[in-house]
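**Q** Input: one structure, supplied below.
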Amino acid sequence: MSRGSRHGRSGAVARPTARARRIASESVRITGDLLGPAEPADVAPTASRKRRLWARLRGQEPVPGLRTIKVVLATVLSFVLAEGLPGTEPPIVAALTALLVVQITPIKSIRSGFERAGSVVAGVLVAVVLSSVFGLNWWSLGITVAMAMIVAYALRLGDHALEVPISAMLVLAVAGSTDVGMERVYETLVGAAVAVLVSVTLPRVYVQPAGNAIGTLAAEIGKQLRDMAGWVQSDWTPERGAEGLRRARNVESLINTARDALAQAEDSVRLNPRAVRTAHIPVTMRPGLTALEFSAISLRGVARALLDRRSGEAGKHPPGPWVSLSLSRLLDAIADAVFAFGVVLASDVTAAPPSPEPLRHALRRARFLRDETTFQLQEDAKTEPAIWRVNGALVGHIDRLINDLDPDTESVSPAMTRPRPEPSRPLRRFTPSVIRRQIDVGARSLRRRIRR
C-alpha cells in the first residue's frame, strides 16, 4: 500500500500532485518598493514641480502650515469683524472662539462651532434666568452650575459641556448683567461663523493619507510574516518566538493609526467641494482595513503558536527540517499575498485600483503550500500527541489568514473593485436644458440617499 493511500485512509492530507508542486514553487516576489505604500504620480517625489503645485492646489498633497494659516486667518478676521459689536472691551472672546473652532475638516469645524455656540447661549440663558430669581450667593452658584451641567448633557454638547457652566458663572460675576451675556453670545457667534467659513473655504481631502496608513499596516504585517519565514527555517528558538509575538502585538498601534486616518478621510469628503471625485473612496477602503485587522489577529495567533511549538511540552521534541522548510515557504507565500493586498488597496487611491491578479496568484500558491505544510505538521505530531494541539492551532490561524485576504469574498470585494474616480469635466454652457438636466440628476441622487 502506498504512503499516500495509507494517510488518505487514516484522514491525513495527501501530498499535492506534481502540478500543485510546480505552481507552489512559482515565485511571486512582491518586494522592493512595494514594501511601503505607493504614492500617486501627482505627489510622488519624482513628480515635476508644476505637477506637485497643482496637486497642492487641488488639496491632494499636504500643504505645510495650512492648519496654522487657517487658525491665524480665522482669529484675525473674527477679531476685526467683532470690533463693530456693541461693548467697550476688545472682542477677545470672538478671536478665542475662532481659534478653538477651526478644525482639520469642514464637517468637524461645523460641528465644533455649533456645539460651542450652543454651549455659550445655553449658559447665558441659565445664568440670566436664575440670577433674576435667586441673585448671587454660594447656594445659588451651586444651583446654577448644576442646572448648567444638566442642560449641557441634555443638549449632548460633548467636549463643550463645561462651556455652559463657565458662561453662566461669567454672567453671574457681573451680577447677572444681560448686556454682558449677550456680548459674549454675539462674539461667540461671530467667531464660530468666521471659523466655519475659513474651514469651508480652505478645505483639504485626506483620502490619500488614509491609503498610505493602510498601506503601511499591510507592509508591516507582510514584513513580519517574511521575517518569521526566515527564522523558522534557520533559527526557530523560544527567544525568536517571543520576539515575533511581541512585534505582532505592536501592530495594534498601526491599526489605530489607520482607523484614525480613514475616519479623517471620511470626514474630509463631507461638505467638501474638492472631494466630488473621491467621495466614494473611503467607503470602499473600509472593508480592506477590516480584512487587515482580522489578518493582524491571525498574525498574533500564528506568532503565539510558533512560540508554543518551541516551548513547554511540545518544545522537547524539535520539529524536523522538512517541517521548518515547508512552514517557511508557506509564511513567505502569505507575506507575498499581504504585500499584494496592500498594493491593490492602498496604492494611488485617486486612480483605478491595480489588477488583483498578483494577489489571486499569491493566494493560490499559499493554498497549495498550506496543504503541503499540513501534511508535514501531521507527520510532526506523530512523535508527541501534545504537538498536534499546537500544530492544529497554527494551521487554523494560517487558514483564516489566507481566507481573510481573498479578493473574491463578499466582504473584501468592494475594496478590490472600487470604481475609478470620474474625470474632471470641462465647463459647459448653462442653457435651460442643461440646467433642467442637472436639477433632475440632483433630485434623483437626493431621493436615493433618502431611501438609504
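**Q** Would you confirm, using the coordinates I've provided, whether R246 is open to solvent by 40 Å² or more (accessible area, probe 1.4 Å), closer than 22 Å to F339 by Cα and without any contact (Cβ under 8 Å) to a residue 24 or more places away in the chain? Outline the logic, then answer.
**A** Values: open to solvent by 40 Å² or more (accessible area, probe 1.4 Å): yes; closer than 22 Å to F339 by Cα: yes; without any contact (Cβ under 8 Å) to a residue 24 or more places away in the chain: yes.
Criteria met by R246.
**Q** Test F294 against the stated conditions and say whether it is aromatic (F, W, Y) and more than 32 Å from the chain's Cα centre (by Cα). Can you show your working first?
**A** On the way: aromatic (F, W, Y): yes; more than 32 Å from the chain's Cα centre (by Cα): no.
No.
**Q** Can I ask one more? If I filter the range 79-104 down to residues being under 22 Å from Y206 (Cβ atoms), in a loop (DSSP other than H, G, I, E, B) and at pLDDT 80 or above, which single residue comes out as most open to solvent (accessible area, probe 1.4 Å)?
**A** Among those residues, the one meeting the criterion is Q103.
**Q** Please note which helices (runs of 4 or more DSSP H) are completely contained in the range 202-315 and include at least 3 residues that are touching a helix residue (DSSP H, G or I) at 6+ places or on another chain (Cβ under 6 Å), under 23 Å from V102 (Cα atoms) and of a type outside the set (F, W, Y). Quick ask: steps written out before the conclusion?
**A** Working: elements: 207-234, 238-249, 251-268, 281-309.
Helices (runs of 4 or more DSSP H) meeting the threshold: 207-234, 251-268.
**Q** So, one more: Out of (1) hydrophobic (A, V, I, L, M, F, W, C); (2) crowded, with 23+ Cβ neighbours inside 10 Å; (3) at pLDDT 80 or above, what's the single condition that is false for W322?
**A** It fails just one condition, (2).
**Q** Please specify each residue of the range 167-189 satisfying the condition of being open to solvent by 60 Å² or more (accessible area, probe 1.4 Å) and modelled with pLDDT of 80 or more.
**A** Result: Y186, L189.
**Q** Can you find a residue in the range 101-118 that is more than 29 Å from the chain's Cα centre (by Cα) and in contact (Cβ under 8 Å) with a residue 24 or more places away in the chain?
**A** To start, the set of residues in the range 101-118 that are more than 29 Å from the chain's Cα centre (by Cα) comprises 117-118.
Still in the running and in contact (Cβ under 8 Å) with a residue 24 or more places away in the chain: 117-118.
Yes - at least one qualifying residue is present in the range 101-118.
**Q** Quick one: is A192 in a helix (DSSP H, G or I), surrounded by 16 or more Cβ atoms within 10 Å (Cβ to Cβ) and either out of contact with any Asp or Glu (no Cβ under 8 Å at 6 or more places or on another chain) or not charged (D, E, K, R) (or both)? Steps first, answer last, please.
**A** Values: in a helix (DSSP H, G or I): yes; surrounded by 16 or more Cβ atoms within 10 Å (Cβ to Cβ): yes; either out of contact with any Asp or Glu (no Cβ under 8 Å at 6 or more places or on another chain) or not charged (D, E, K, R) (or both): yes.
Criteria met by A192.
**Q** Give me the pairs: first residue in the range 199-216 and free of Cβ contacts under 8 Å to residues at least 40 places away in the same chain and farther than 25 Å from A74 by Cα, second residue outside any helix (DSSP H, G or I) and among the polar types (S, T, N, Q), beta-carbon distance under 6 Å, and six or more apart or on different chains, which are they?
**A** Close Cβ pairs satisfying both conditions: none exist.
**Q** Here are E266, E220, E239, E252: which of them is open to solvent by 40 Å² or more (accessible area, probe 1.4 Å) and either at pLDDT below 90 or touching a Lys or Arg at 6+ places or on another chain (Cβ under 8 Å) (or both)?
**A** Details: E220 fails: either at pLDDT below 90 or touching a Lys or Arg at 6+ places or on another chain (Cβ under 8 Å) (or both); E239 fails: either at pLDDT below 90 or touching a Lys or Arg at 6+ places or on another chain (Cβ under 8 Å) (or both); E252 fails: either at pLDDT below 90 or touching a Lys or Arg at 6+ places or on another chain (Cβ under 8 Å) (or both).
Of E266, E220, E239, E252, the one residue that is open to solvent by 40 Å² or more (accessible area, probe 1.4 Å) and either at pLDDT below 90 or touching a Lys or Arg at 6+ places or on another chain (Cβ under 8 Å) (or both) is E266.
The values are calculated or read from the model by the stated rules, or taken from the named source; none is laboratory data. Since this is a predicted model, take the numbers as computed values, not measurements. Here the Cβ is made from the backbone with ideal geometry for all residues, glycine too, and neighbour counts use every protein chain on show. To get the accessible areas, we keep the full protein, side chains included, count just its heavy atoms, and leave off ligands, DNA and RNA. Shrake-Rupley method; radii C 1.70, N 1.55, O 1.52, S 1.80 Å.
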